[in-house]
Every structure is written in structure tokens, then in C-alpha cells.
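Undergrad: Below are the C-alpha cells for one structure; questions will follow.
Values quoted throughout were computed directly from the atomic coordinates according to the rules given, and no laboratory measurement underlies them. Just so it is clear, the model here is predicted, and its values are computed rather than measured. All Cβ positions, even for glycine, are placed from backbone atoms using ideal geometry, and neighbour counts span all protein chains on display.
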Amino acid sequence: MTALVDPDTVVPAPRTCPVSHAPTTAPPRGEVDRAAAEAFLVQFHSETTPAQTLAARLAEVDREIEAGGTYVHTLDELRFGARVAWRNAARCIGRLYWNSLHVRDRRTVAAPGEVAAECVEHLRVATRGGRIRSAITIFAPDRPGDPGPVIHNDQLVRYAGHRTASGHVRGDGRYVDFTDRVVGMGWQRPDPPGRFDVLPLVVSRGDAAPEMYDVPPDAVLEVPLSHPDLPWFAELRLRWHAVPAISNMPLEIGGITYPAAPFNGWYMGTEIGARNLADADRYDLLPVIGRRLGLDTSSERTMWRDRALVEMVRAVQHSFDAAGVTMADHHSESQRFLTHVEREESAGRSCPADWSWIVPPVSGGLTPVYHRYYAEPDPATRPAYLPPQA
């Protein structure tokens, strides 16, 4: 999948070159470990050709850390760090494109309202009318005594989950608790509640209370789902948004943590068709599809789930293609990932990968990524997108 780290299978837990000099004991929040800064700068100078010498840059950074506990990345360092963090993301199948990541430098932005406005602009920049662009917006970093902003949503666009009087959920089952949380903050549920109500953004800074901001409808491109062979599929009135933008994973570059750095690639069809709409704790639509297909759902041995799943993925892929919205398929993306592995090995770098995430959730054994082993990921590798903050 070409979204950076498989965003639609992100859970509120970890997702995430040759630098492995992470400190054994983390310094206080916002303070930079000199060894981490040095390791990154050595890597940056070994892979790029900055105008400034490594020795001069190291001396400059050392003075900044000595004076204030941290330092400021140059724009080139920031771009390189964000891109290499993608390259290091062991759970992402779409890393072939790592060096094309569009980096939006918003390090002067920290106020929640301004962060939310820039998140909306991020969606517009990334969407481009359906020609999805991989992008990251990097907000103010943690500094000693001055924490950066935090986005509490795990993606910039998520659909609400509404508890009904009958005990069922209308909408996305994974986000029932988050929906209740924003309702408690004053968000008004649509009347009547829908299955695809976009949740507001929740942003905070330091110890201040989180603040809530609506995402304008015109910033969210959505694709109505239909099927190439089954006219009734459109009657289900399903849809999905076009840009998968992960928003709760801090970015760490050279010892500096940017707690708010939303980033996106583009979807792979299986993420939506085989996970978001199919998982029992999400939309759980396979029984509906199975019945509409006239399948025998009385036993798992009839393989009705498998047949319904394939038709769901076909519908998603067909719909995005018909709408002119960028989407990868699991067969092509598997081939491209192996091209990335070959390029990394040719560059003298290993390419760690989490097999269970790289292999797609549909027809895994038919893809070339299934039939090989990969280097084990090292959690100390930096730059990196980190697990969400508690």
C-alpha cells in the first residue's frame, strides 16, 4: 500500500539507514541527545551534498544544544529526515516512493486552531482533485519547557461510530469511544446520525485542554462505491474518503521530536475493501454482501466470506478508478515493493520489513512479497515515525 505506513490498519499502538545510535536513556522531553543529533547529521552528509561541511555543522549544532538544549534543522535536513523516516517504516509496502514525499514546513505553527487550519490545507494539497500526492506537514517540535502540539485523531479523516438504542453501532465501530469523547466536548451528532459522518479534529498543546475543530466538507474528497458487474452494489450507498493521512504518530529526526506531523500516501484497495468495510469491529459488511450475492452463509466451509471479500475489493478498486482517484492494487504494489528492496540493497542498505504487514490481506500467497523473508525491524532506527504518545 502506498500510504506511508498502512494507515487504515493503524490501531492506537505502534506502527512504524543505518543509524542506530538512539540513547539508552531518553533525555527530558524536548532536550536533544547529542549522539542522536550527530548520528543523523553524519547520515545526512553521507547521503546528500550540503554546502556546509559536516564538521562545521556539527560544531554549530553543538553550540545550539549547549545554549538551549536543542537545535533547529535546516529545511534540507527536515526534508531528508521525513523522507528517510518513511524509508525506515517497516510496516509500509509503499516505500518505493519515499524520496518523492512533499514536505510542508510548518514548524512555526503550534496554536491548536492554526494547526487544525493547516491540517485542512494539508488535505487540499494532498488531494489535488484525485491525483493524490504523498505529503507531510511538520508542526512545531518539542523544546525544553515548550511542548509541541498534539493531534489526537489517528487520521485527519475518520468516520464517527454512533451507539444506537438497540445496542448496535451506526458508522465505524472502531471510533465509537472517540465519537463519544468529541460529543462530550460539544460536537453535535448529525440528525439523524449517518454511517459516514466525518469526525472533528482534536488538537492540544502541553497541559492545555484539547480543542475541537470541524473539517470542512469541501476538504474531504469521497468516492461513492459501485461494482463493475453488480448494479445493486450502489444501492448500499457506501463511500470512502480519498486521502489516508495518519496524524497521531510523532516524527523523530536527529533527537528532535515533532509530535504533530500528519502524513499521507494513497490507499491500496485492500485496506478499504478487506479491512475498513469488512472487519467485524469496523463496518462488518461481509454478511450483507454475502446475502446480496445469494451465497450460502450457513457455514464457514462454503467460503462465502472469501467470495464476498473479493467482490468488495473489486468494487472499491473499480470505484476509485472510475472516479479518477489514485489507488494502488495489492498485486502491483507487491511488485513495486520488491523493486524498492532491490534498490535499497544496491545502495548498501538493508530493508527491514514486518512480513505480517507487507503481505496484503487478500490473496497474499498470490503476491511475490509472500514468498520471502525480510530483515527484522530495529525499533531504535532513526529517523522514524513513532508510536502515538500516551
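Undergrad: When ranked by the protection proxy of mean other Cβ atoms within 10 Å per residue, highest first, what sequence do the peptides 282-294, 257-269, 239-251 form? If you can, show how the numbers build up before the last one.
TA: Values: 282-294: 17.0, 257-269: 27.4, 239-251: 24.2.
Sorting 282-294, 257-269, 239-251 by mean packing, highest first, produces 257-269, 239-251, 282-294.
Undergrad: Express in whole angstrom the spacing between the alpha-carbon centres of segment 339-374 and segment 70-128.
TA: Value for the Cα centre distance between the two parts: 24 Å.
Undergrad: May I ask you to list the residues of segment 137-153 whose amide nitrogen lies under 13 Å from a point 7 Å from Cα along the Cα→beta-carbon direction of Thr74?
TA: none
Undergrad: Calculate the dipole size of segment 268-390 relative to its Cα centre from +1 charges on Lys and Arg beta carbons and -1 charges on Asp and Glu beta carbons; express the result in debye to the nearest 20. Intermediate values should be presented prior to the final figure.
TA: Numbers: 13 positive and 17 negative charges, 43 e Å.
In total the dipole reaches around 200 debye.
Undergrad: Through the Karplus equation 6.51 cos²θ - 1.76 cosθ + 1.60, θ set to phi - 60°, convert the phi angles of segment 45-62 into ³J(HN,Hα) values in whole Hz; use x for Gly and Pro.
TA: 6, 7, 9, 10, 10, x, 5, 7, 6, 4, 4, 5, 5, 4, 5, 4, 5, 4
Undergrad: Tell me, what is the Rg over Rh of the chain, with Rh the Kirkwood radius over Cα pairs?
TA: Values: Rg = 21.7 Å, Rh = 22.0 Å.
Rounded to two decimals, Rg over Rh is 0.99.
Undergrad: Okay, next question. If packing is taken as the mean number of other Cβ atoms within 10 Å per residue, what is the order of 83-94, 340-351, 172-183, highest first? Intermediate values should be presented prior to the final figure.
TA: Details: 83-94: 24.6, 340-351: 14.2, 172-183: 18.2.
Highest-to-lowest ranking by the protection proxy: 83-94, 172-183, 340-351.
Undergrad: Here's another thing I want to ask about it. Given the rule -39500 (n - 2.57) for each run of at least 4 DSSP H residues, summed and divided by the residues of the chain, what is its mean residue ellipticity at 222 nm, to the nearest 500 deg cm²/dmol? All intermediate terms of the calculation are to be shown ahead of the outcome.
TA: Working: 9 runs with 115 residues, N = 390.
Result for the chain: -9500 deg cm²/dmol, rounded to the nearest 500.
Undergrad: A further question on this structure: Taking the alpha-carbon centroid of each part, what is the distance from segment 259-279 to segment 176-236 in angstrom?
TA: So the separation of the two Cα centres works out to 15 Å.
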